[in-house]
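Visitor: After the structure tokens below, expect a handful of questions from me.
The values are calculated or read from the model by the stated rules, or taken from the named source; none is laboratory data. Computed from a predicted structure; not experimentally measured. All Cβ positions, even for glycine, are placed from backbone atoms using ideal geometry, and neighbour counts span all protein chains on display.
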Amino acid sequence: MTKTWLITGTSSGFGKQLAQIVAKADDTNLVATARKMNDLDYLNEFDDKKILKQILDVTGSKKIEEVVKNTKKKFGGIDVLVNNAGLGYFSTIEESDMKQVQYMFDVNVFGLANMTNAVLPTMRAQRSG
Ligand SMILES: NC(=O)c1ccc[n+]([C@@H]2O[C@H](COP(=O)([O-])OP(=O)(O)OC[C@H]3O[C@@H](n4cnc5c(N)ncnc54)[C@H](OP(=O)(O)O)[C@@H]3O)[C@@H](O)[C@H]2O)c1
């Protein structure tokens, strides 16, 4: 059975690598998200019937809901959520810029929580995911 994967932060790094693997597989649909649409151009070589490209900053909960809605509209459900979008921040405590520390939590913690909260009702309704 075809499985639908939703992966955040697929512009580079692990997210991009995984998106390419999922896009190549026969039995998967891919929802690839990035903050800039042209960062997803590398997916143009794949069959667009099984790919959905979406702009998403995981700090925006309205946009998260929209991505989930668009995914369900195109593929009917979501089987795998990969909360890959994230960033690192390295500093001593004394030299930390608290705005940047806060932003790291907005992305890595609350972004992940908001994504998961938005997707779980679909997985619960499917009784799988
Ligand atoms: N590499 C490591 O050694 C390592 C170790 C531990 C954990 N991790 C975690 O693994 C994940 C992938 O790491 P990576 O090394 O592949 O890093 P990466 O190449 O920097 O990729 C991070 C991805 O997250 C996206 N992103 C950042 N902030 C975002 C936001 N507000 N909304 C949506 N997307 C956002 C980036 O998009 P943009 O291109 O738009 O910035 C990029 O696509 C990250 O969560 C990272 O924290 C990595």
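Visitor: Would you be able to say whether some residue in the stretch 89-106 is within 18 Å of the chain's Cα centre (by Cα), of a type in the set (A, V, I, L, M, F, W, C) and under 30 Å from K50 (Cβ atoms)?
Guide: Applying the first criterion (within 18 Å of the chain's Cα centre (by Cα)) to the stretch 89-106 yields 103-106.
The next check asks that each one be of a type in the set (A, V, I, L, M, F, W, C); those that pass are 104-105.
From the residues that got through so far, the ones that are under 30 Å from K50 (Cβ atoms) too are none.
No, the conditions are met nowhere in the stretch 89-106.
Visitor: Quick test for you: out of S61, S12, pick the one residue that is out of contact with any strand residue (DSSP E or B) (no Cβ under 8 Å at 6 or more places or on another chain) and modelled with pLDDT under 95. First the steps, then the outcome.
Guide: Values: S12 fails: modelled with pLDDT under 95.
Among S61, S12, only S61 is out of contact with any strand residue (DSSP E or B) (no Cβ under 8 Å at 6 or more places or on another chain) and modelled with pLDDT under 95.
Visitor: Separate question: Does any residue of the stretch 54-75 turn out to be out of contact with any Ser or Thr (no Cβ under 6 Å at 6 or more places or on another chain) and of a type in the set (F, W, Y)?
Guide: No, there is no match, as no residue in the stretch 54-75 is out of contact with any Ser or Thr (no Cβ under 6 Å at 6 or more places or on another chain) and of a type in the set (F, W, Y).
Visitor: Oh, and also: Hey, does the stretch 101-114 have a residue that's touching a Phe, Trp or Tyr at 6+ places or on another chain (Cβ under 8 Å), of a type outside the set (F, W, Y) and closer than 19 Å to N29 by Cβ?
Guide: no
Visitor: List the helices (runs of 4 or more DSSP H) that sit entirely inside the stretch 43-129 and contain at least 3 residues that are surrounded by 14 or more Cβ atoms within 10 Å (Cβ to Cβ) and within 16 Å of the ligand (Cβ to nearest atom).
Guide: So the answer is 61-75, 112-126.
Visitor: Another one. Being more than 13 Å from the chain's Cα centre (by Cα) and within 10 Å of the ligand (Cβ to nearest atom) is the requirement here; does D39 meet it? Spell out how you get there, then give the answer.
Guide: Details: more than 13 Å from the chain's Cα centre (by Cα): yes; within 10 Å of the ligand (Cβ to nearest atom): yes.
The answer is yes for D39.
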